[in-house]
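Asks: Have a look at the structure that comes next, please.
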Number of protein chains: 2
Amino acid sequence: MFSIGKLSHRTGVKIPTIRYYEKIGLMDEPGRNFGNQRRYTQAELERLSFIKHARDLGLSIASISDLIRLHEHPDHSCAAAHTIAEAHLENTRRKLKKLRKLEKELKRIISHAHGDRINDCTIIQTLTDHRLCSSEH
Amino acid sequence: MFSIGKLSHRTGVKIPTIRYYEKIGLMDEPGRNFGNQRRYTQAELERLSFIKHARDLGLSIASISDLIRLHEHPDHSCAAAHTIAEAHLENTRRKLKKLRKLEKELKRIISHAHGDRINDCTIIQTLTDHRLCSSEH
DNA sequence: ATAAAACCTCTAGCTACTAGAGCTTCAAGG
DNA sequence: CCTTGAAGCTCTAGTAGCTAGAGGTTTTAT
């Protein structure tokens, strides 16, 4: 049995976050001791690790919720889990693509590659006038 | 003079968002016509374009607010604008780095590269047990 | 016995919007 | 001039995923 503090320490999930997960139903309500403090089982620790791990990988709470539901069905469909993960990978790739573009554009703006003089504050100029941008974004 | 609808159309910023920007002070309160409807000037259109562009590049409202303040000071410091942009580029790069790691890890989990059998639902397994991960994340 | 650390609940705040209700004003056609 | 539909108005509440703070109780260690 773990106190919420121990659980937090073991998983790296902050205490208020654990209580928040409980509130939104991502974690089940744990048992309580005589003083009304939460006591967690090993299974609950594992559940929280799962959540933490998935969050670290960028999955939304909704997706994690789905995964947990799949996990709890003894005849759970791996294909469905696969689909969720693939969708998230796709999502991650889209974000990557966008970020790469942004990085490029920011780099260009900062290095005032398109200007002649140094001190015209090309940063503000470029931001004001979209036509000064090299590419769509 | 532009109505809020025209402004929205020209900049690509949604009407409720424009009103939101006004509420938080990012856009100044515009003039009104006799029927109490907002009328925007060319300068206000440019301001909104600036904001839109900066948001598209991923800058936070707070940073944009800072940039606008710099912009409004006639003796504005380009160095300060540079600093804000650089900080944001740094930020973007950090995110990129993290996303790249996530993508790699997701790909690995999905292709169950580490498992032998196909149908153990390695996705859920791996998520439950961090030790099955290849790298830190 | 006492003091500090850990726990409890509850509310409100954060970012950056978005949606909806219920109302008023504007612009164009008849 | 009147009507009708589009566009505008304000206000509140909701979204994701937490985080912070107030004000109280329980546990733990000395």
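The values are calculated or read from the model by the stated rules, or taken from the named source; none is laboratory data. Treat the numbers as computed from the prediction; the structure is a model and nothing was measured. Glycine gets a Cβ as well: all are built from the backbone with ideal geometry, and neighbour counts include every protein chain shown. Just so you know, the surface numbers come from the protein's heavy atoms only, side chains and all, with ligands and any DNA or RNA stripped out. Shrake-Rupley method; radii C 1.70, N 1.55, O 1.52, S 1.80 Å.
Asks: Compute the Kirkwood hydrodynamic radius of the range A:4-76, taking the inverse of the mean of 1/r over all pairs of distinct Cα atoms, and give it in Å to one decimal.
Replies: After inverting the pairwise mean of 1/r, the radius is 12.7 Å.
Asks: Run lengths n ≥ 4 of DSSP H only: what is the helix-derived mean residue ellipticity at 222 nm for chain B, with -39500 (n - 2.57) per run over all residues, to the nearest 500?
Replies: That comes out to -20000 deg cm²/dmol.
Asks: Report ³J(HN,Hα) in whole Hz for each residue of the range A:29-40, in order, from the Karplus equation J = 6.51 cos²θ - 1.76 cosθ + 1.60 where θ = phi - 60°; Gly and Pro get x.
Replies: 5, x, x, 10, 8, 5, x, 6, 9, 5, 10, 9
Asks: How much of the accessible area of the protein assembly as shown, probe 1.4 Å, is carbon plus sulfur, in whole percent? Don't skip to the answer; put the middle values down first.
Replies: Numbers: 8360 of 16550 Å².
The value for the protein assembly as shown is 51 percent carbon and sulfur by accessible area.
Asks: Follow-up question, since we're still on this one. Could you work out the relative contact order of chain A, using alpha carbon pairs under 8 angstrom and six or more residues apart, expressed as a whole percent?
Replies: 15 percent
Asks: Further question: With an 8 Å Cα cut-off and a minimum separation of 6 or more residues, compute the relative contact order for the range A:4-76 in percent.
Replies: Values: 41 pairs, mean separation 18.1, N = 73.
Relative contact order, the range A:4-76: 25 percent.
Asks: For a quick size check, give me the Cα extents of the protein assembly as shown along its three principal axes, largest first, whole Å.
Replies: 64, 43, 32 Å, listed from the longest principal axis down.
Asks: Quick one: buried accessible area between B and A, total over both chains, 1.4 angstrom probe, nearest 100 Å²?
Replies: Heavy-atom accessible area buried at this interface is about 4100 Å².
Asks: For residue A:1 and residue A:29 in the same chain, what is the full-extension length gain: residue separation times 0.36 nm, less their Cα-Cα distance, in nm?
Replies: Between residue A:1 and residue A:29, full extension yields 8.7 nm more.
Asks: So, in Å, what gap is there between the alpha-carbon centers of the range A:8-46 and the range B:14-29?
Replies: 41 Å
Asks: Now, a different point. Once you list every other residue whose beta carbon is under 9 Å from the beta carbon of residue A:128, what net charge do they have if Lys and Arg are +1 and Asp and Glu are -1?
Replies: For residues surrounding residue A:128, the net value is -1.
Asks: Something else: Can you give the Rg to Rh ratio for chain B, taking only C-alpha atoms and Rh from Kirkwood?
Replies: Here Rg/Rh amounts to 1.24.
Asks: Same structure, new question: With a point put 7 Å past each Cα toward its Cβ, work out how far residue B:77 is from residue B:41 in nm, to one decimal.
Replies: Rounded to a tenth, the inter-label distance reads 2.8 nm.
Asks: How big is the accessible area of residue B:52 in square angstrom, nearest 10, if you roll a 1.4 angstrom probe over the protein chains?
Replies: 60 Å²
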